[in-house]
Amino acid sequence: MRRKLAAGNWKMNGALAALSELDALQEAASGDAEVLICPPATLIASAAAKSGKVAIGGQDCHAAASGAHTGDISAPMLREAGATYVILGHSERRADHGETDAVVAAKTQAAWDARLIAIVCVGETLDDRERGKTLDVIGAQLAGSLPDDVTGANTVVAYEPVWAIGTGKVPTTDQIAEVHNFIRATLIQRFGNEIASAVRLLYGGSVKASNATQIFAVPDVDGALVGGASLKASDFAPIVDALNAA
Ligand code: PGA
């Protein structure tokens, strides 16, 4: 069955000294759930060298393997630095860098080509939700952001409502269940039951130790993508523990 995944997204935070957090995560990472930290690109190689039971991932990659793309990083570079995952299509990338679904799909293909597992993010804005468009928006993002060769081994889908990221606002468990159920059904329709049933679905947006147990009890939630509460092992380890206990 699907292996649970607790993924930490450090965003643009963390210096070399922060890698001591990886030591403090080893015990929590000894359970059944997989634990992943995605630090800034500058820390990936150092993190991978001392990551122990924690997997290391990138936060973005370019769609091309190399070339004249100043400032960008390719999927093979992430892989060589020791990453095994990459987050793609995070709402901050979509908003700050104008990433479209087509761009996210091209990056996902590049990640697969470099043997990275893609964590493809989707999620509605508050305006989308208030207009009753949540499922339409997520359906379109899934259709456009996922290439055809999705498998449970190469792709994770993260549902991250934009209005819940870094705000302390969390959807109700019914709202999370509705969207996760919809994502699973959409994947089944496109990829068939066997493949779709193997793809892990993460919830992300203001996950904390205090709400993790409740969120992990929601059907079709296979783990979390955690921002702020992944920066310190003292905050993240209890979330991993809650996932192991779920
Ligand atoms: P947050 O971020 O946990 O700080 O809300 C989640 C994310 O953006 O992945």
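Note on the stretch 84-116: among residues that are more than 19 Å from N9 (Cα to Cα) and of a type in the set (D, E, K, R), the one that is most open to solvent (accessible area, probe 1.4 Å) is R115.
So which residues in the stretch 172-207 are open to solvent by 10 Å² or more (accessible area, probe 1.4 Å) and in contact with a strand residue (DSSP E or B) (Cβ under 8 Å, 6 or more places away or on another chain), if there are any at all? Within the stretch 172-207, R184, R200 qualify.
For the stretch 63-83, what are the residues that are under 17 Å from K11 (Cα atoms) and open to solvent by 30 Å² or more (accessible area, probe 1.4 Å)?
If the condition is that a residue be under 17 Å from K11 (Cα atoms) and open to solvent by 30 Å² or more (accessible area, probe 1.4 Å), then G71, D72, I73 are the ones that fit.
Restricted to the stretch 42-114, the set of helices (runs of 4 or more DSSP H) holding at least 2 residues that are out of contact with any Gly (no Cβ under 9 Å at 6 or more places or on another chain) and within 16 Å of the ligand (Cβ to nearest atom) comprises 91-96.
In the condition set (1) free of Cβ contacts under 8 Å to residues at least 40 places away in the same chain; (2) in a loop (DSSP other than H, G, I, E, B), R3 is compliant with all but (1). Applying a threshold of 6 Å to beta carbon distances and a minimum spacing of six or more residues, or different chains, the list of pairs starting in the stretch 143-159 at a residue that is more than 11 Å from F191 (Cα to Cα) and open to solvent by less than 20 Å² (accessible area, probe 1.4 Å) and ending at one that is assigned to a loop (DSSP other than H, G, I, E, B) and away from the ligand (no atom under 16 Å from the Cβ) reads T155/V199.
The values are calculated or read from the model by the stated rules, or taken from the named source; none is laboratory data. Every value quoted in this text rests on a predicted model; they were computed, and no experiment measured them. Here the Cβ is made from the backbone with ideal geometry for all residues, glycine too, and neighbour counts use every protein chain on show. Accessible surface is based on the protein model in full, side chains and every heavy atom, while ligands, DNA and RNA are left aside. Shrake-Rupley method; radii C 1.70, N 1.55, O 1.52, S 1.80 Å.
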